[in-house]
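Remarks on the structure that follows.
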Amino acid sequence: MKKWITTSGVIAALALGLAGSPASAQGSGTFKYAEQVKLITMDPQKQSGSGVPFLRPAYESLFEKGPDGENVPLLATEYTVDGLDVTIKLREGVSFSNGEPFNAEAAAANINRGVEIGIVEGLKTVESAKAIDEYTLGIKLKEIDPAIITTLCYTGGMMIAPSAMADPALDRNPVGTGPYVHSKDESREGEVQVYVPNPTYWDKDMIGLARYEVWEIPDDTARLNALKTGQIDAGNWLSNPQAAIIDKSPDLKLIRNNGGLNYHVIISDREGTVVPAFADPMVRKAMALAIDRDAFNQAIQFGLAVKSFQPYGKGDWAYDPALEGVYEYNVEKARELMAQSKFPDGFTFDMPSIPIYQPRLEALAGFFNEIGITMNIVPVEPGTLARRSRTTDFPATNLVWNTVTDPKFLALRYIYEDAAYNPFKAKPSEALLALAQEGLTSVETDVRAPIYHKMAAQLADEAFLIFVTNAPILIGVSDDTAENPTVRYRYGEDSINLRGLKAND
Amino acid sequence: MTTTSQNEPNTGPRRINFRPSASTAIVAAAGSVLVLLVFLAIFADWIAPYDPLRQNLIKAMQGPSAAHWLGTDDLGRDVLSRLIFGCRIAVLAAAEATSIAVLLGVPLGLFIGYRGGWWDWVVMRVVEAVVSIPGIMVAIVIIAILGAGLHRAMIALGILFSTSFLRLARGVVLAEREEVYVRSARVIGASDRRILLRHIFPNIAPPLVVQVTLTVGAVLLAEAGLSFIGLGVQPPDASWGTMLNSAAAYMDLNWFLAVPPGIAIILTVLSVNLLGDVIRDSIGRGVAVGVDPGKPAERFVPAIAATGAESPAPPPLADEVLRVEGLQVLVSGRDGHEVPVITDLSFGISRGETLGLVGESGSGKTITGLSILGLIGAGGRTTHGSIVLNGRDLRRLTPKQLEEVRGNEVAMVFQDPTTSLNPAFTVGSQIAEVLRTKQGLSGKQAWSRVVELIDRVGIPRPEERARAYPHELSGGMAQRIAIARALSCNPSLLIADEPTTALDVTVQQEILDLFRDLQGEFGMAILFVTHDLAVAADISDRISVMYAGEMVEMAEVDALFARPRHPYTRGLLSAMPHASSRNPPLPTIRGNVPRPGSWPSGCRFSNRCDFATAACERPIPLVGTDRLVRCIRAPELELKAAS
Amino acid sequence: MFRLVAQRLLALVPLLFIVSVLAFSFTSLLPSDPVDLILGDTGTQEQHEMLRERMGLNEPLVVRYFQWLGKAVQGDLGTSFFNSVSVTDAVLLRLPVTLSLTAISALIAIVVGIAAGVAAALHPRSWIDRLATVGATFGQAVPNFWFGLILVAVFAVNLRWFPATGFTPISVSPWDWLRSVTLPSLALGLSSSAAIARQVRSAMVGVLQQDYIRAARAQGLSSRRVILRHALTNAMVPVVAVLSFQITVLLGGALIVEQVFAINGLGTLAIAAVRQQDIPMLQGLVLVMVGLVVLVQLATDLLYGLLNPKARPT
């Protein structure tokens, strides 16, 4: 920690020196963004679930998503995928904000660290990475992975300065190549993280702000008030009453970003280790049938979502229209299934909850209660739901599936025996396993789509993933932000692209 | 250290007896709320119109209607049903946490109280430590260990509140132990443990009941709070706290959701607290069987409007400072009716003179002093007559003007110097305050005057004593200070209310001498109120004897002692211990001074008077010229005595 | 006065020691293994062992206690289990927030409580007295967070006089700070106002019957002076004892009221720490709160001595 402070002092001195030179493009003004989840870590390779807006200012990934979801090089310049070998050319002349050079050595160290830590699920297919030459990175895959470049668009491709990797406090001292650097002194833990221009940034023209702030405001009403009063310029929301209020307010705008948040229940204990009933597919189907998704959408999500029966929504290539309505609300049928199952008298299980999901879970508990199933709602700290969901603490959980995610991650998250959200190590069915393997054989969506349609149908049949509703990613902004031409929403992400972002007038 | 029975010398158990009257209504109302609560809790399944968990998302957040009396919540669940089921959780929570607190705290408290020593020390230090952490934080930490949920949260609260039961039980043991050790010396063969147990249980019950009511109220609030922050009852179960928790999220859209559970909590806690207050009061009052506040046996017949017997006003004196004429004072009794405490009182005092006002307690002499100052208090008022001081009728002055008069023209010295000086300030500052506010002296001037005055009333090292607090001075010295304060503005009348009664006999004489000296120097008139004829004889020029709110005799001091004319005066004199006649037992006047409101309608002394005749049954005027007496038989009795 | 402070401080040492033992012993009481908590199910056996070693969990409990205490007395309360944030920093950052609420609500409670109590005592059995008594009884039955919700509904949502949520640091804008703490402090201060009012009333009724009050009046001092200086000073003696307790209650209440107003204070920190079983954070919070309570007690002791000369050491 001490070391970091000294280096940052040097950098600050450097920055002061550079500020005078005409070459340095310093931004002006402040942009304030509010995040609905609390900051857990700023170490991209230990980050799970939401909270990416805290990372984007300081870290850049090798690739990023273009406006239509295509992969665009950022810290990379080009790539080739040849079977299990991925070769990536890196941008030259980039350095980390602590002065270390960005090169293949550093990139390889990052990928290898990510693989070792094992939290970034997209890197599960990676065997190892190595520097081929100074600016050429080689990644060796364990298996064919059509989504490896997509993985490198997100946290898996974010580059950490090599010396910072050893910092035990990396979770609060990010050192990357991003346009902004984290200002620890100005940040207030649990309240706001402050970022200031990176004096060593490789593309100074893209620094449009003097200061960027990410506020942690988990309370939806508080975040709404902050937006109304101008304390923040933008923030993310789930489909909840506050989002509905933003949608109705004349001087605020609710941006429906591409990508959907597909809310679903995961029966983690599907072999019945803790809750025997979960091993019975009839019980799981009954649960899926017991949910009145239209009412749920209206009452809980204020009509901002659509009902969902599969991982993807209309317009996504992996979406299968044939599955629409497969578990349409039918409580009689659900009760019938329960009666036929081995658990006609119902059962009880625990479900982790964070405050923003509380009403959803209460509604689900109400639906399940109708068919004799008691769901206890157990609060966990906001920001830890994803992590707790990976443990055997809970036999079931609830998360959102981001529909811009490549379908191969369905297997990585839920299907494989060592999948991230398969803490009970349930064995996947032959059918699912085969489809998961088949989906990896091509990078062409035309080829992959029918495979994943089949997978979606199989998932629906096994019913351990119960999809409820799919809502767009919602970003609430002030009118000024809505009119700001430099605001670009990241494809499928609840954040704003900081490169080139300028303050509202 | 709390000793719960310190105000009760006998060790018999205290009884809880509810007082009737105003609290009956409260008990009834609070009791019915709680009975209803328990009833709803038990029969929730039958009473609640809907299943509390049954949702209807289409009908979410509706206002009150015929189908849903209190509307529906965010998931379309019936608010009334949830409220009714919430009763069950409230009752369970209160019962659970309170039982745990009692079962944990009482035995442990008894044990450490009995065992004492090292055990006691350690446990008490731990209790102190726990108590010094905010209660909710203690509960939060215990929940961190146990996990969230109703029962676990109630265990947490039980542990938290057990500290108060522990201290209570320990206090009872400690208090009883002292008692038992004294007795057990006489009881042979019985172990003190058995005695201790036998004494503790009856004694611990009343404070335990009080503590339980306090705890139940606190538990209900704490449970709601913990459920509200998500650490208590977990949704979807309906507790009032969780209902408020979800209401909080929808405040913008439907604030009414917060109303029913809030009212339920308030009503319940209010009822418990009110019941607790009544129980606490009745235990507090149950110690002594109160005097029956019933009606007085006889009403005071001579109408309040007119002073009974019109006595002629006494002739004016030369150089008169104060003249009181036809004074009547009423106070409100317990039942709200006003009763007279002083009637038809007239007297005067001239400059440099001391008038002794003598009578038994209850005769109205202190009230006389206070009514001159206009300080009878909220319960009483002066209804008739005039109080003319230096030519102005004080009864006609505004409160502001009267305030001006007090201190400057008339001042008072009270009976107990240790209580008549404010314990919070130095004695010097209390005199200086008067000088500054009444005479407008600067702080410095006032202080030097204070030192002079303190010196003048005969206190050595006045500079130093001026900086002392009242509790640091002896009674005599404090009375000198009080006198110095009274005289600080050089009043023309000084009222001294039993100024020597609370003092040692040796000091008494010094104080009397001081009064005489000061009167010589300042020349003020003194109204000297005392029950002690000897003191009155010592200091007074004239003596006025009061009985049951009226003056019965007034005369020059020598004349009075030589020839008392009223049978009461005579009784008083013969009851006076004379140095010469110690041997025969002192004759006393039979009976007691009747309480105000139960005075005889004629001569008020008639029921105790050996000379009373039928003529005494009508009001008697005060008559005479140089000396006054209120007795129709005075002339004949005087003759008899002379013969 | 100096001697009193020194005496009291010395007397606090055993208390603080025991609190520290209590706070520390949570570690051994908590059901879960901190290493498991931190690593989740992801870490390897090796990583578990390494972390265990790094956190010093292999040392005996007593050794760990003294290591922790040694650091704690130097102001280092350790590091959160969940991120690299220093507990001291996190608590210090949140402290002003909770202190603002506690202080303002204490101020409200004192002012309202004394005013109502005095008014009631001056006019016993009048409508003022009845209003104050009924108000106080109600005030003690109203949950602070519910009152907060109602205040929000009325004054923030409908009238828009105050912000519904959030906290502005005083350094940013004193005016906005005041606006942001007003509603929470009112919500928090209600029940303490009620408790203080009851205490003041009964103390005042008692004091007003004292001879020295009558004596002061007999001396011609104005009613105002007699009540505010002579009576109140003495009536405050028992009130001060209640005050110290009430401030502890307020500090605890702030933890809950913060949640109503989405204020990021010690309460938010504490609730997060409970959910995450973040032991160092809980330990630190308990110690800091006890520290605050102790300071309040010290202050009230001094005030007690000031008001009651008999209690001063001679």
Among the numbered conditions (1) assigned to a loop (DSSP other than H, G, I, E, B); (2) within 14 Å of another protein chain (Cβ to nearest Cβ); (3) crowded, with 24+ Cβ neighbours inside 10 Å; (4) not small (Gly, Ala, Ser), tell me where residue A:173 comes up short.
(3)
Looking at residue C:289, is it at pLDDT 85 or above, at the interface with another protein chain (Cβ under 9 Å from one of its Cβ atoms) and in contact with a helix residue (DSSP H, G or I) (Cβ under 8 Å, 6 or more places away or on another chain)?
yes
The condition of being farther than 23 Å from residue B:265 by Cα, small (Gly, Ala, Ser) and within 14 Å of another protein chain (Cβ to nearest Cβ) holds, among B:60, B:66, only for B:60
Which of the residues spanning the stretch A:350-383 are more than 8 Å from every other protein chain (Cβ to nearest Cβ), within 20 Å of residue A:38 (Cβ to Cβ), of a type in the set (Val, Ile, Thr) and assigned to a loop (DSSP other than H, G, I, E, B)?
A:354
Please determine, by comparing only the residues of the stretch B:387-408 that are within 12 Å of chain C (Cβ to nearest Cβ) and of a type in the set (Asp, Glu), which one is farthest from residue B:319 (Cα to Cα).
B:403
Among the residues of the stretch C:259-275, count how many are in contact with a Leu (Cβ under 8 Å, 6 or more places away or on another chain), touching a residue at least 12 places away in the same chain (Cβ under 8 Å) and surrounded by 24 or more Cβ atoms within 10 Å (Cβ to Cβ).
9
Tell me the residue from C:200, C:207 that is more than 13 Å from chain B (Cβ to nearest Cβ), assigned to a helix (DSSP H, G or I), open to solvent by less than 50 Å² (accessible area, probe 1.4 Å) and modelled with pLDDT of 85 or more, please.
C:200
Here the residues within the stretch B:341-386 that are over 17 Å from residue B:501 (Cβ atoms), of a type outside the set (A, V, I, L, M, F, W, C) and within 14 Å of chain C (Cβ to nearest Cβ) are B:371, B:374, B:377, B:379, B:380
Identify, by number, the condition in (1) closer than 19 Å to residue B:427 by Cα; (2) under 28 Å from the mean Cα position of the chain (by Cα); (3) not aliphatic (A, V, I, L, M) that residue B:465 doesn't meet.
(2)
For the stretch A:384-411, what are the residues that are within 13 Å of another protein chain (Cβ to nearest Cβ) and either under 24 Å from residue A:150 (Cα atoms) or assigned to a helix (DSSP H, G or I) (or both)?
A:385, A:386, A:387, A:388, A:389, A:390
In the stretch A:453-494, what residues are open to solvent by 10 Å² or more (accessible area, probe 1.4 Å) and among the hydroxyl-bearing types (Ser, Thr, Tyr)?
A:478, A:486, A:489, A:491
Criterion violated by residue C:129 - all others in (1) modelled with pLDDT of 90 or more; (2) more than 14 Å from chain A (Cβ to nearest Cβ); (3) surrounded by 18 or more Cβ atoms within 10 Å (Cβ to Cβ) satisfied
(1)
Assigned to a loop (DSSP other than H, G, I, E, B), more than 7 Å from every other protein chain (Cβ to nearest Cβ) and touching a Lys or Arg at 6+ places or on another chain (Cβ under 6 Å) - does that describe any residue in the stretch C:212-225?
no
Kindly indicate the residue of the stretch A:248-272 that is touching a Pro at 6+ places or on another chain (Cβ under 8 Å) and open to solvent by 30 Å² or more (accessible area, probe 1.4 Å) and also modelled with the lowest pLDDT among those meeting that condition.
A:258
Of all helices (runs of 4 or more DSSP H) fully inside the stretch A:275-349, the set with 2 or more residues that are modelled with pLDDT of 95 or more is A:281-290, A:331-340
Scan of the stretch A:158-189 for residues that are small (Gly, Ala, Ser) and either in contact with a Gly (Cβ under 7 Å, 6 or more places away or on another chain) or within 21 Å of residue A:104 (Cα to Cα) (or both), ordered by number:
A:161, A:163, A:164, A:166, A:176, A:178
Report whether or not residue B:142 is assigned to a helix (DSSP H, G or I), touching a residue at least 40 places away in the same chain (Cβ under 8 Å), among the aliphatic types (A, V, I, L, M) and open to solvent by 20 Å² or more (accessible area, probe 1.4 Å).
no
Residue among B:74, B:45, B:120, B:51 that alone is within 14 Å of chain A (Cβ to nearest Cβ) and either in a helix (DSSP H, G or I) or open to solvent by 30 Å² or more (accessible area, probe 1.4 Å) (or both)
B:51
The stretch A:358-370, residues that are under 22 Å from the mean Cα position of the chain (by Cα) and free of Cβ contacts under 8 Å to residues at least 60 places away in the same chain:
A:358, A:361
Tally up the residues in the stretch A:182-238 that are touching a residue at least 12 places away in the same chain (Cβ under 8 Å) and within 24 Å of residue A:485 (Cα to Cα), please.
33
Across the stretch A:97-124, what is the number of residues that are closer than 22 Å to residue A:416 by Cα and touching a residue at least 60 places away in the same chain (Cβ under 8 Å)?
7
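Quick grid of which residues meet (1) part of a strand (DSSP E or B); (2) touching a strand residue (DSSP E or B) at 6+ places or on another chain (Cβ under 8 Å); (3) at pLDDT 95 or above:
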site: A:187; (1), (2), (3): yes, yes, no
site: A:195; (1), (2), (3): yes, yes, yes
site: A:215; (1), (2), (3): yes, yes, no
site: A:221; (1), (2), (3): no, no, no
site: A:226; (1), (2), (3): no, yes, no
Matching residues, the stretch B:427-453, being at the interface with chain C (Cβ under 8 Å from one of its Cβ atoms) and either open to solvent by 20 Å² or more (accessible area, probe 1.4 Å) or part of a loop (DSSP other than H, G, I, E, B) (or both)
B:437, B:438
Of the residues in the stretch C:142-163, those that are of a type in the set (A, V, I, L, M) and free of Cβ contacts under 8 Å to residues at least 24 places away in the same chain number 5
Whichever residue in the stretch C:138-183 is among the β-branched types (Val, Ile, Thr) and assigned to a helix (DSSP H, G or I) and, among such residues, is nearest to residue C:254 (Cα to Cα)
C:181
Residue in the stretch B:515-528 that is crowded, with 21+ Cβ neighbours inside 10 Å and either on the phi > 0 side of the Ramachandran plot or under 29 Å from the mean Cα position of the chain (by Cα) (or both) present:
yes
Leading residue by the ranking (farthest from residue C:276 (Cα to Cα)) among those in the stretch C:73-126 that are hydroxyl-bearing (Ser, Thr, Tyr) and at pLDDT 90 or above:
C:105
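The values are calculated or read from the model by the stated rules, or taken from the named source; none is laboratory data. Everything numeric in this text was worked out from a predicted model, so none of it was measured. Here Cβ is always computed from backbone atoms with ideal geometry, including for glycine, and neighbour counts include all displayed protein chains. Accessible surface is based on the protein model in full, side chains and every heavy atom, while ligands, DNA and RNA are left aside. Shrake-Rupley method; radii C 1.70, N 1.55, O 1.52, S 1.80 Å.
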